[in-house]
1. Can you find, among LEU122, ALA145, ILE132, the residue farthest towards the positive end of the dipole of segment 115-163? Put +1 on the C-beta of Lys and Arg, -1 on that of Asp and Glu.
2. Compute a Gaussian network model of the chain, connecting alpha carbons closer than 10 Å, and tell me which residue from GLY308, GLY213, GLY163 fluctuates the most.
3. When only C-alpha pairs under 8 Å and at least 6 residues apart count, what is the relative contact order of the chain, in percent?
4. Enter the angle in degrees (range 0 to 90, nearest 10) between the Cα long axis of helix 35-46 and the first principal axis of the Cα atoms of the chain, meaning the one along which they spread out most.
5. Can I get the semi-axes of the chain's equivalent ellipsoid? Compute them from the C-alpha gyration tensor as square roots of 5 times the eigenvalues, in angstrom, largest first.
6. In segment 4-23, which residues have a backbone nitrogen under 17 Å from the label point lying 7 Å from HIS48's Cα in the Cα-to-Cβ direction?
7. Just grab the label-to-label distance for ALA304 and THR197, each label 7 Å out from Cα along the Cβ direction, in nm (one decimal).
8. Once label points are set 7 Å from the Cα along Cα→Cβ at both GLU397 and TYR343, what is their separation, rounded to one decimal in nm?
Amino acid sequence: MEVFCGIDWAEDHHDIALAGRDGQLLARRRISDDAAGLAQLLGLLAGHGDTAEDPVPVAIETPRGLLVACLRATGRAVYPINPMAVARYRDRHSAAGRKSDHGDAVVLAGILRTDSHAHRPLPADTELAQAIAVLARAQQDAVWARTTAHNKLRSHLREYYPGFLAAYAHARGGITRPEARVILAAAPAPAAAAKLTAAQLRALLRKAGRSRGIDAEAARLREAFAAPQMRQLPLVEDAMGRQALALLRQLDAACATAADLEQATAESFNQHPDAGIITSFPGLGPLTDARVLAETGDDRSRFADANGLKAYAGAAPVTRASGKTGAVLHRRVKNNRLAAAGYSWAFSALSASPGARHHYDKRRNDGDRHAAAQRNLFGRLLGCLHHCLATGQHYDEDTAFPPPACRQQDAA
């Protein structure tokens, strides 16, 4: 590579800097964030030796956006550089703390020129894998939004409607259940709930989609709503009921969004060639497997070995040593989405895989706490996944976790 491109990204424009192998600034330009600006950028790169066989690499401070997507489509290497790392590199050029958009573009080009080996380009994932990543991340965001909406509504109901919370305290899903939301919409205050008849409750349960145990559930709810509870003043209670309806609409929208994206994610994931291998692993559910694929991608050259994948997921520890002191700590800088999926994966694998359970128990007996033992198990499963994807094999329990007799023979 003889030419390096740095792009300082902004909302409506981008600053471009091209640097040569010797660090000399070859060109600089500011382009708009539209098709015309992209054409100017590609023309500028072509004027400095950019070809389809030998494209000029690009460094930019963001891994997403239309500009990044269009640059990836040209087949060139795009390096997303963390803004904090750019700030550290900037100090090499100006001790006075000077900063400008053009200067940041020059710094980004210089990072590629000197340290491209220390940074990872965006993976060359297939179009389907990129689509799955969009859907899986959106679904995960919808689940987090649903949890936030649920917590807000639950906190509000505690202030004036504890009887409703008590009615669904032991039900799976709590107040996020469809029948709970339908009944709350019909009776947003304790006074209205106490007036509901058994027939009205049965109708509301059917409206929510319930088909079994309706009579018993209606009787239970009527008894729960009629039980004495602390109450707000009547006007205050009505006002708080109006607020509950507003919060309920947010929860309904979050539940519908999460369900719709869950279906779309599952449909896209099932079309991917790696779906069979990933779903063969114990503990991976219909959403966790899609999230794992979304964050690891299908570019086989992305991780040279399993250790790189483990570090990316936060399953590999970090060693800090200086002089005679040293410590082994868990990794905080990681892909948080993959780490969250890995926690669920490892926890579910404890009951789905005898070998995983034995591995976890051994780590616990050796002194690891629960979180550390689960991270270690997650790392073990990631290593197996990396091997299976690289070789095209499905998961095999005896190969991943050899039986006790085999382990004793290996130790001997």
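The values are calculated or read from the model by the stated rules, or taken from the named source; none is laboratory data. Just so we're clear, the structure is a prediction, and the values are computed from it rather than from any experiment. Cβ: placed from backbone, ideal geometry, glycine included. Neighbour counts: every protein chain shown. For accessibility, only protein heavy atoms count, side chains too; no ligands or nucleic acids. Shrake-Rupley method; radii C 1.70, N 1.55, O 1.52, S 1.80 Å.
1. Going by the charge dipole, the pick is ALA145.
2. Of GLY308, GLY213, GLY163, the most mobile in the Gaussian network model is GLY213.
3. Values: 532 pairs, mean separation 53.0, N = 412.
Computed value for the chain: 13 percent relative contact order.
4. For helix 35-46, the angle is close to 30 degrees.
5. Working: eigenvalues 481, 205, 89 Å².
The three semi-axes for the chain are 49, 32, 21 Å.
6. 4-9, 14-23
7. 7.6 nm
8. A separation of 2.8 nm, rounded to one decimal place.
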